[in-house]
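Heads up, the thing below is written out as structure tokens.
The values are calculated or read from the model by the stated rules, or taken from the named source; none is laboratory data. Just so it is clear, the model here is predicted, and its values are computed rather than measured. All Cβ positions, even for glycine, are placed from backbone atoms using ideal geometry, and neighbour counts span all protein chains on display. These accessible areas exclude ligands, DNA and RNA; they are computed on the full protein's heavy atoms, side chains included. Shrake-Rupley method; radii C 1.70, N 1.55, O 1.52, S 1.80 Å.
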Amino acid sequence: MAQITNPVIPGMAPDPSIIRVGGDYYIATSTFHWTPAVQLFHSRDLANWRLIGYGLENSALDLRGTNTPAGIWAPHLSYDEPTGRFWIAYSHMLNMAGREFCADSFAIWADNIAGPWSDPIYLTSIGFDPALFHDEDGRHYATILEWESREGYRHPGHIVVAEIDLEAGGIIGDWHRVTQGFTTRGAAEAPQLYRHDDYYYLLIAAGGTGYAHGVEIGRSRDVLGPYEPHPSGEPIITSAPQHLFSLGDPDAGQFQMLNPDSPMQKSGHGSLVETEAGEWYVAHLMSRPLPGTTLNPLGRETSLQQVAWTDDGWLAMADGSNLAKLVVPAPAGVTPEPYQGFDITDTFDTDTWDARFMTPYRRQDPTWVTMHERPGYLRIHGGESLFSRMSPSIMATRATSFEFDVKTAIEFHPHHYSESAGLGLYYDSDNWLYARLYHSESLGSTALGVLQARHGERIEHIHHKVPVPAGTTELNIDYRSGRADIYYRTGESAGWSSLLTEIDVSYLSDEGVNGSPGEIGGFTGLFAFIGAVDSHQRTSFADFAHYYVTNQEAR
């Protein structure tokens, strides 16, 4: 029997929203402070997925200044058959200070999943995690979490439903409060509507996006409710099947719910799809901690579980449990696609760089990153400090394995110590590792050294630097389960030399970036990157000849 091995999309791919159009499956995932925003993946067999683009790639979206973990949250992908339009609803989380969670929600549409996508249509600012539902009678509805900020009221708020005007934007009539969750886990969010037989089904995330996360379900004969909960009183999918009462608890981490017997944690935030043969699957997020820790450097990843409808009209996992599994049956009668893996090889000798390159905060544009000024190279013009949340010059790719090597070849001729370029690991502006060429006044030449940021503190490894007078070198970072080794060589015939080894970078993880044990500090994940900094005159640039990521883990 063919199988699906989870995660189907490793690395930062949280809050998956899945649809099928004909024989093609599509998933949209969150991107937060990264651009291009809203990752779009495609598959024909549910087991093998590849990135095909971004929903907000050509928009005027400005994420500069975004705090971790704000930005673009929980895109919901849908398809309206009468019009043949693809829709994405999403929230732009602007501010989370004071637990106000100020967000604007929008919808965009396209006739083709590859775009072009429309300008954003404003929906609401009542909360976050919007989703669209296209009913059989031609009416459209939006669901969303109404965020609760008042003292003395149950947090995080109500799931609300309203009819929506997809042409003009906004809602028709009023929001209708339909539930605060279907179990005692609380923290209901990410509501999504489906229609099956005689019922409307409301799928929601619950328990917070941590170790108590789960997928809950309720149903109603009226789209506006009331919705009855699943009779089990528990999530239908989770990594932590033990009972939890946490109504009103704002803690998203729930570290006490870690399941020591499960290789996957945090399973929740589900989205439902039916195959052409009438089988059913739920796409959901999950995490894999470093062994012996609660740290998840790869962030929240996308997985699939097979589900089925029971005789009494409820949705349940096909194996009869509610515990998410790493391996599940693949759809029957579907020819598996060749496994493509997640390695990256880009020699910058085509018209565009690999689509998997993303940038924090700022948009990718030819004013600072280009392949046309020196053909055969990716040229990156020096930007702001890596501590900046405005305009750093970073080209990064999601880490997809606990063990990988990332390599590049660089030419750079700095004239000031504040001009640099190199290779690194990155979580956000306060947490990164950077092996860089720079001008060393003490050595009187270009040098290679290491900078690091941990919880906003700048750490310079001053005893680990070497002269590179020619300004050309190859760099290699070897990442192994939270530790990193940095190597370099200055000629193809030369062997690799060690610059700095056994660097603890396990804090580059969702739980490690804020310096507060037992809390979740981010919602993204570890990235590898090449980049350049110019805090001098903004005139320097670096040329990169290639970028390779080789994953060492067997799938």
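Heavy atoms of the protein only, probe of 1.4 Å, neighbouring chains included. What is the accessible area of Trp309 in Å², nearest 10?
Rounded to the nearest 10, the figure is 50 Å².
Give the separation of the Cα centroids, the range 342-402 to the range 15-72, in Å.
Each part's Cα centre sits 18 Å from the other's.
How much of the accessible area of the chain, probe 1.4 Å, is carbon plus sulfur, in whole percent?
Its accessible area is 48 percent carbon and sulfur atoms.
Could you give the distance between the Cα centres of the range 441-461 and the range 217-234, to the whole Å?
Here the answer is 57 Å between Cα centres.
Take the alpha-carbon positions of the range 157-257, form their convex hull, and give its projected area averaged over all directions (one quarter of the hull surface) in nm².
About 7.1 nm², averaged over all directions.
Once you have the Cα-Cα distance between Ser497 and Asp365, take 0.36 nm times their residue separation minus that, and quote the gain in nm to one decimal.
Value of the extension gain: 44.0 nm.
Which part of the range 418-456 falls in the paramagnetic zone of Ala470, meaning amide N under 17 Å from the point 7 Å along Cα-to-beta-carbon?
437-438, 445-448
Can you give me the distance in nm between label points at Glu81 and Arg483, each placed 7 Å from the Cα along the Cα-to-Cβ direction?
Placing both labels 7 Å beyond Cα along the Cβ direction yields 5.6 nm.
How much area per residue is accessible in the chain when the probe is 1.4 Å and only protein heavy atoms are counted (Å²)?
38 Å²
Need the full-extension length gain, Tyr339 to Arg374, defined as separation in residues times 0.36 nm minus the C-alpha distance. One decimal, nm.
9.2 nm
What's the FRET efficiency of Val21 with Glu519 using the Cβ-Cβ distance as r and R₀ = 45 Å, to the nearest 0.05?
The value I calculate is 0.65.
With a 10 Å radius around each residue's Cβ, average the other Cβ atoms per peptide and rank 470-481, 229-240, highest first.
Sorting 470-481, 229-240 by mean packing, highest first, produces 229-240, 470-481.
What does the charge count near Met264 come to, summing +1 for each Lys or Arg and -1 for each Asp or Glu among other residues with Cβ under 9 Å from its Cβ?
+2
Per-residue counts of other Cβ atoms within 10 Å, averaged by peptide: what ranking do you get for 311-323, 67-79, 433-445, highest first?
With the highest mean Cβ count within 10 Å placed first, the list reads 67-79, 433-445, 311-323.
Using 0.36 nm per residue of separation minus the Cα-Cα distance, give me the extension gain between Glu276 and Asp137 in nm, one decimal.
Going from the current span to full extension adds 47.8 nm.
Once you place label points 7 Å from the Cα toward the Cβ at Ala2 and Asp349, how far apart are they in nm?
3.5 nm
What FRET efficiency, computed as 1/(1 + (r/R0)^6) with R0 = 41 Å and r the Cβ-Cβ distance, is obtained for Thr550 and Ser118, rounded to the nearest 0.05?
E between Thr550 and Ser118, to the nearest 0.05, is 0.60.
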